[in-house]
Each structure stands twice: as structure tokens, then as C-alpha cells.
């Protein structure tokens, strides 16, 4: 039996399968389909022709627009019907044609999206991705499997992100960019292949980071990417110098952390 709140409004043409959990004031619009292991928390709205399937939990206040398919089986070639999940946080908006897949056993079995994220039309979140909060993915953005995107990152229309890539907090990815390597926190990346163009100063300013701090972070950026050694060695070498600046240390920690991908830089790689 489904657990459907008395205040929920379900259109007669919608299908809510037995086992689904439907919270207070949920709206399931015309021709929508809710699977048997789906949880829709309070105030969720499926506008029409939306599909939520799999072991999927949709947070309070989310809106899902027509033709979105949320919680679909992963597109991994290793998909074997394993029991995996998708969790979407509160107050997220998934516009027309958005797709989000559940996880795979090889990636931990969970795809996770934070709160207050905006996914514009036809954007895609693949299996085992881990997304923070306040992220904007513009139209046709494509995340491959196992991608990590930190809080307040903005991804421009049509950009494509390689599997296992990390995108740091408040990074900005230009439209149609190919993101082949990790993008540092506060970084701005454009092009195909994507090159790091500097810092997202506008985003940093809007986040309340003062000018003096931004100048310190710029100095760290220059030492990291223009130093004599490789990027990771340069970052490690300046750790003590910038220990009093949390924003610079965030970049340094990001670079020196273990990762399956190289670090995006301002310079084109040869070969």
C-alpha cells in the first residue's frame, strides 16, 4: 500500500504505484508516474508528465517539470540491476527534460544532490555523482558518472564534465566547455579543452569575500600555476605562507587531495 498524505493532490491521470510515500501538500500532476520505492517529501510538485522512479527520495519543496526523469537506472555499462539510490535535497528545481540516475555498486551505490539547486532544461546528473547545495546547471549540461560538484558552482549551458572530475566550491564553468580535469574552488574555466582563466572574482565578491582576501587568493593562484615545479608541488610548498587565509587554503587542500584526475590549469597540455 502507498502512504499518501490526505492533503496530497494527485491528478486522476497520474500513476502512483503501491509502496510510494507521498508527503503533505504534494502535487502529482497529469500523466506523471511515481514508482513504488519513491519518497516525495512535503510540498513537492510534479507539474505534469514527470517520472520519478527507483529508490529515490525528493526533498521538501522541490519542483519537477514535464518530461523530467528522476531516479532512472544508471547508464553505466556495468549496470547489473543492483539496489542503488538517488537522494535530492530540499527546494531543488528540475526543469523540462532533466535526467538524474541512481548510483552503482562500484561507485558507492548513491547519487546525492544537495539543497536549493537549479537544473535547467535537459541537464543530466549521471550515476554516483555527489553534488552540494546552491548549484546551478544550465541547459544541456552533462555530468558523467562519479563527478563531484561543490556548493555554489555554476555550470554554463552545454558544458560536459568527464567522469570522476571534481569541481570546487564557487567555480564557474563557461558554456560549451569540456571539463576534462579537476577545477579548483573559485576557478573559472572555459573552452574545449577547458583552460583555467583565473578566479571567479565576481562570485567571490557576491559571496562576501573582501577585496584584501581576494588579492591574497590571487597571489596564491599565481604561485601555484606559475611556480617552477608542478601544480601539486607548488601548492604544497606554499601551505605555510597562506595558512591564515581559509580561501587560499581551500584551493591548496583541493589540489593536494587524492584525485583520479589532473588539475585544470591556464596552460594547454601537450600530447
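Bear in mind these aren't lab numbers, they're just calculated from the coordinates by the rules spelled out. Keep in mind that what you see is a predicted model, and the values were worked out from it rather than measured. Every residue, glycine as well, gets a Cβ built from its backbone with ideal geometry; the counts of neighbours run over all protein chains shown.
Scaled against 2.2 N^0.38 Å for its residue count N, the alpha carbon radius of gyration of the range 164-271 is 1.00. Over all pairs of different C-alpha atoms in the range 25-162, the reciprocal of the mean inverse distance, the Kirkwood hydrodynamic radius, equals 14.3 Å.
Could you work out Rg/(2.2 N^0.38 Å) for the chain, with Rg from alpha carbons only?
For the chain, the normalised Cα radius of gyration is 1.10.
The gain in end-to-end length when the residue 230 to residue 213 segment is fully stretched comes to 3.7 nm, 0.36 nm per residue minus the alpha carbon separation.
Each of 206, 218 was scored by other Cβ atoms within 10 Å of its Cβ. Arranged with the fewest first, they read 206, 218. Here the peptides 246-252, 10-16 are ranked by packing, the mean other Cβ count within 10 Å, and the order with the highest first is 246-252, 10-16. Projected label points at residue 268 and residue 7, each 7 Å from Cα along the beta carbon direction, are separated by 5.8 nanometres. For the range 3-146, relative contact order (Cα pairs under 8 Å, six or more residues apart, normalised by length) works out to 15 percent. When the helices of the chain are scored as -39500 (n - 2.57) per DSSP H run of n ≥ 4 and the total is divided over every residue, the value at 222 nm lands at -4500 deg cm²/dmol. For the chain, the longest principal axis of the Cα atoms and the long axis of helix 246-256 meet at an angle of about 90 degrees. Of the beta bridges in the range 136-271, as assigned by DSSP with both residues counted there, near 20 percent are antiparallel. At q = 0.16 Å⁻¹, what is the base-10 log of I(q)/I(0) for the range 204-256 according to the Debye formula with one equal point scatterer per Cα and no solvent? Please give it to two decimals. Each listed q corresponds, in turn, to -0.42. Throw me the Rg/Rh for the range 13-77, computed over C-alpha atoms with Kirkwood Rh, two decimals. A ratio of 0.95. Rg and Dmax of the range 107-160, both derived from C-alpha coordinates alone, stand at 10.1, 29 Å. Here the relative contact order of the range 204-256, from alpha carbon pairs under 8 Å that lie six or more residues apart, stands at 32 percent. Once you reduce the range 152-228 and the range 70-107 to the center of their Cα atoms, the two points are 26 Å from each other.
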